[in-house]
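Reading through the structure tokens given below for one structure.
The values are calculated or read from the model by the stated rules, or taken from the named source; none is laboratory data. Quick caveat: nothing in here was measured; it's all calculated off a predicted structure. Here the Cβ positions follow ideal geometry from the backbone for every residue, glycine too, while neighbour counts run over all protein chains shown. Protein only, heavy atoms only, side chains kept; ligands, DNA and RNA dropped before computing areas. Shrake-Rupley method; radii C 1.70, N 1.55, O 1.52, S 1.80 Å.
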Amino acid sequence: MTPPQPRVAVIGAGPSGLYAAASLLGSGLDSGISVDVIDRLPAPYGLVRYGVAPDHVKMKSVIRVLRKPFDLAEVSFLGNVRVGREPGVPFDELREHYHAVVYATGSTVDRTLGVPGEQLAGSLGSGEFVSWYCGHPDFVRLDPPLDHPGVAVVGAGNVALDVARVLAKSHEEMSSTDIPDPVLEALTHSRVRDAHVLIRRGPQHVRFTPAELRQIGELANADVIVHDDGLFAAGAIDIEQIDERRQRQNLEMLSAWAAKGTAGTGKPRRIHLRFLRSPVRLHGENGRVSSVVVERNEIVDGRVVGGGEQESLDVGLVVRAIGYAAEPIPGLPFDEATGTVPNEGGRVVRDGEPVPGVYVAGWIKRGPTGVIGTNKGDAAETVAALLADLPTLPEPKQPDRDMLLATLAGHGVQPVDWSDWLRLDAEEIRLGEVRGGAERVKVAELKEMLAVCRPAG
Ligand SMILES: Cc1cc2nc3c(=O)[nH]c(=O)nc-3n(C[C@H](O)[C@H](O)[C@H](O)COP(=O)(O)OP(=O)(O)OC[C@H]3O[C@@H](n4cnc5c(N)ncnc54)[C@H](O)[C@@H]3O)c2cc1C
Ligand SMILES: NC(=O)c1ccc[n+]([C@@H]2O[C@H](COP(=O)([O-])OP(=O)(O)OC[C@H]3O[C@@H](n4cnc5c(N)ncnc54)[C@H](OP(=O)(O)O)[C@@H]3O)[C@@H](O)[C@H]2O)c1
């Protein structure tokens, strides 16, 4: 008798979910394994589509690798299916259809600073702002205020650089990207001239990668201004003493820029890098941000401590690029402190015991750090745990595909399959040709995405 085919659901079609699917298919199980990759959006690829900066076109070519599992008959895409909350399908109902479930839903919640005024209009998390310029359907109507010359970007990671760079780029530089037409229009008419990147520690502590830092020094439209503040004076930092190559390269670049002074070369926009600076208060006029009060910090025993000296920057928009957390998943344990699902090597753990057949991969498993490739080994670890457990996992209560579709239909969910997505993919490529010089132009409105996916209805 043929043993029943193991059925696995991967929830989340971002890098970690797709690396998990690839790893499951490469697992060499004789009986074959069938994998449903489920995503709440009609489009796959998670942050590769909705996070990676639009001008990082080469980076997006990783999609060619990520899509490979869908070439196999054993892998299905079920887009437009939100798991865990309405509108969507509850986790416990979905669970009945599979031997095992891998959660790979990422970290989408913007962390907050906890300072007064943070709730004002014009104070945004990078998750919101980036999602808007990347054409995420949830943020089509964000309408970030770009009518003021000053913007503050808080944080010293690559996301802060992405945000500052996108704000500083010219129309010509952005029109060859995949940003939706209304975003291109808003950026083209932006009055932003000075983006102040507020870095809470010193130049030796930035988390930028050198390749990303270098890019802000190569912009057609913007100068980089490093505010020296004595931090780059001879002997202030001994570069030779810094072990990590990444930090040494960053410091060499920052020191060279600092040596040029703060006058710039007269380009129309400027990216200011301000070290040892934290926002302590946002002021507003008529309910929206009009300035940010910034305090100079000291580093005491490795801790960031406000030094008392404050200044006000005239800004109409504050973007926090200070990291993310995940949303708790109904029915699964959650660690509020780390914003992750407690797990051991990918096995979800409740009160010290593994939850049978439930796994996590990617940012929801380890937190919001690491580049796309980091998720490959991470997903492989999870899949190894799943495959080791598989012989002990009970048969699903509802193993049949029609039963799954009936469950989804019962919640009003009509999934988008891979061929539906390919229709949207082709339409976006066509729109890129219409714009001229862009590989694609994203369709951002959910209704429109679905209409393109399913032209008949
Ligand atoms: C702004 C930004 C820019 C970045 N740029 C780069 C870069 O240039 N290069 C690089 O190497 N790395 C970059 N990274 C890091 C990289 O994007 C991450 O390492 C990676 O995307 C994490 O993968 P993930 O699969 O865990 O999460 P995600 O990519 O977030 O994927 C999660 C998926 O789950 C889906 N989902 C969420 N909730 C549900 C639900 N309830 N039901 C069904 N589906 C759900 C989402 O729609 C999404 O498709 C960037 C990160 C950010 C935030
Ligand atoms: N091109 C790329 O390869 C690319 C692009 C984007 C993102 N990514 C990756 O995606 C991951 C997430 O990026 P990220 O930029 O969100 O995170 P990140 O690299 O962790 O950087 C977060 C930054 O926020 C700062 N911060 C945190 N809390 C703060 C607070 N309360 N006040 C002021 N500053 C605060 C941190 O400072 P401290 O250091 O002082 O804590 C740090 O500089 C990273 O691994 C990143 O490399 C890669």
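Summary table below
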quantity: Complete set of residues in region 180-211 that are open to solvent by less than 10 Å² (accessible area, probe 1.4 Å) and farther than 21 Å from residue 318 by Cα; calculated: 180, 203
quantity: Criterion (open to solvent by less than 10 Å² (accessible area, probe 1.4 Å), touching a residue at least 24 places away in the same chain (Cβ under 8 Å) and of a type outside the set (Phe, Trp, Tyr)) met by exactly one of 168, 121, 156; calculated: 168
quantity: Index of the failed condition, residue 84 passing every other in (1) within 27 Å of residue 339 (Cα to Cα); (2) at pLDDT 95 or above; (3) away from ligand 2 (no atom under 16 Å from the Cβ); calculated: (2)
quantity: Single residue of region 316-341 satisfying the filter (assigned to a loop (DSSP other than H, G, I, E, B) and in contact with a Leu (Cβ under 9 Å, 6 or more places away or on another chain)) that is nearest to residue 150 (Cα to Cα); calculated: 316
quantity: Residue count for region 335-362, restricted to those that are more than 11 Å from residue 103 (Cβ to Cβ) and either within 10 Å of ligand 1 (Cβ to nearest atom) or of a type outside the set (S, T, N, Q) (or both); calculated: 16
quantity: Matching option when the condition is assigned by TED's automatic domain parsing to the domain that holds residue 255, surrounded by fewer than 19 Cβ atoms within 10 Å (Cβ to Cβ) and not β-branched (Val, Ile, Thr), among 316, 287; calculated: 287
quantity: Counted residues, region 154-177 - those being at pLDDT 95 or above, assigned to a helix (DSSP H, G or I), away from ligand 1 (no atom under 12 Å from the Cβ) and under 15 Å from residue 217 (Cβ atoms); calculated: 2
quantity: Region 34-65 - residue that is within 21 Å of residue 163 (Cβ to Cβ) and open to solvent by 40 Å² or more (accessible area, probe 1.4 Å) and, of those, nearest to ligand 2 (Cβ to nearest atom); calculated: 59
quantity: Which listed residue, of 69, 54, is in a helix (DSSP H, G or I) and either within 11 Å of ligand 1 (Cβ to nearest atom) or under 15 Å from residue 421 (Cβ atoms) (or both); calculated: 69
quantity: Tally of residues being within 11 Å of ligand 1 (Cβ to nearest atom) and either within 12 Å of residue 145 (Cα to Cα) or at pLDDT below 95 (or both) across region 110-132; calculated: 1
